[in-house]
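Report on one structure; see the data block that follows.
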Amino acid sequence: MIKTLKAEIINIDENITAAVLYAKKLYLEGKVFVYPTDTIFGFGANPFNEEAVNRINHIKGRDEHKRYIYLIGNLETLFQYVDLRSEKHFDFLLAIWPNPVSVILPLNTKTKNILKKETAAFRIPNHRFCLKLLAELKMPLISTSVNRSGKEPFLEQSLIVDEFSSEVDAIFYSDKKSFNDASTLIDLCNSTPTLIREGKIKFSDLLEKFK
């Protein structure tokens, strides 16, 4: 069966401002797109748009109860959605971001009621396109690996186009160096950080910043 090409394929290096504004438009319209990050390529969408979230679940073949990482542009945006346990946690996040480190945090009451979850993982990414887009959105952006559930993530733009161009609305990519490691994932819902998954940044290095 031949797939019908649907997604727009956009090189962000050619005009990053136009690419950012188009990604923002897709986000606000509840669309789903693929984009580069400081780790691996991610599926992106508005986490508060149920239809968009369900669409990513369907594309990945993923259990709807599994969590997604949310990218945010700054701590000011983060504080609209979470309750930090202490000033020490604030200083820790300030020290580790922007970086490929995702942190599970307790959601505030309003966000719990919307997402029907107690916690969520957030990250301020160290990536120019992502930060420009997040500055425009001023809201969280879903970031989940571009793969089918149980399979390895796709790391090359050409392979992503072949596999997913008929299922997403746009695929953003860059000719610059791509990244092949997932983010380090830690839990900060209790007094001290707990390692969930070690990625690009070593957990021992993060603990050095938790003073």
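Since every read-out is calculated from the coordinates, none of them should be taken as a lab result. Predicted model only: the values in this text are computed from it and were never measured. As a convention, Cβ positions derive from the backbone with ideal geometry for all residues, glycine included, and neighbour counts pool all protein chains shown.
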Angle in degrees between helix 16-28 and the longest Cα principal axis of the chain, rounded to the nearest 10:
80 degrees
The answer for chymotrypsin sites (Phe, Trp or Tyr not before Pro) in region 50-128 that fall in a DSSP coil and have at most 14 neighbouring Cβ atoms within 10 Å is 79
Net lengthening on full extension, residue 54/residue 197 (0.36 nm per residue, minus Cα-Cα)
49.0 nm
All alpha-carbon distances of region 1-108, grouped into 5 Å bins from 0, give the whole-percent distribution 2, 9, 17, 20, 20, 16, 10, 4, 2, 1, 0, 0
Cα pair count fraction exceeding 30 Å, expressed as % - the chain
18 percent
On full extension of the chain, what length is gained from residue 18 through residue 175, given 0.36 nm per residue of separation minus the C-alpha to C-alpha distance?
54.9 nm
Greater than 26 Å separation of Cα atoms is the criterion. Which listed pairs, 112/138; 88/112; 25/202; 177/211, meet it?
25/202; 177/211
Tally Lys/Arg at +1 and Asp/Glu at -1 over every other residue whose Cβ is under 10 Å from the Cβ of residue 182; what's the total?
0
Charges only on Cβ, +1 for Lys and Arg, -1 for Asp and Glu: so what's the dipole of the chain about the Cα centre, in debye to the nearest 20?
380 debye
Too-long pairs where the Cα-Cα distance tops 29 Å, listed order kept, from 116/209; 132/209; 151/209
116/209; 151/209
Quick check: the angle from helix 87-96's long axis to the longest principal axis of the chain, C-alpha only, nearest 10 degrees?
40 degrees
Which residues does the label zone of residue 138 cover in region 70-103, counting backbone N under 15 Å from a point 7 Å along Cα→Cβ?
73-81
Can you tell me the 0 to 90 degree angle between the C-alpha axis of helix 50-60 and the longest principal axis of the chain, rounded to 10?
70 degrees
Those residues of region 116-158 whose amide nitrogen sits under 17 Å from the label point placed on residue 205, 7 Å along Cα→Cβ
124-127
For residue 102, distant residues with modelled amide H under 5 Å away
184, 185, 186
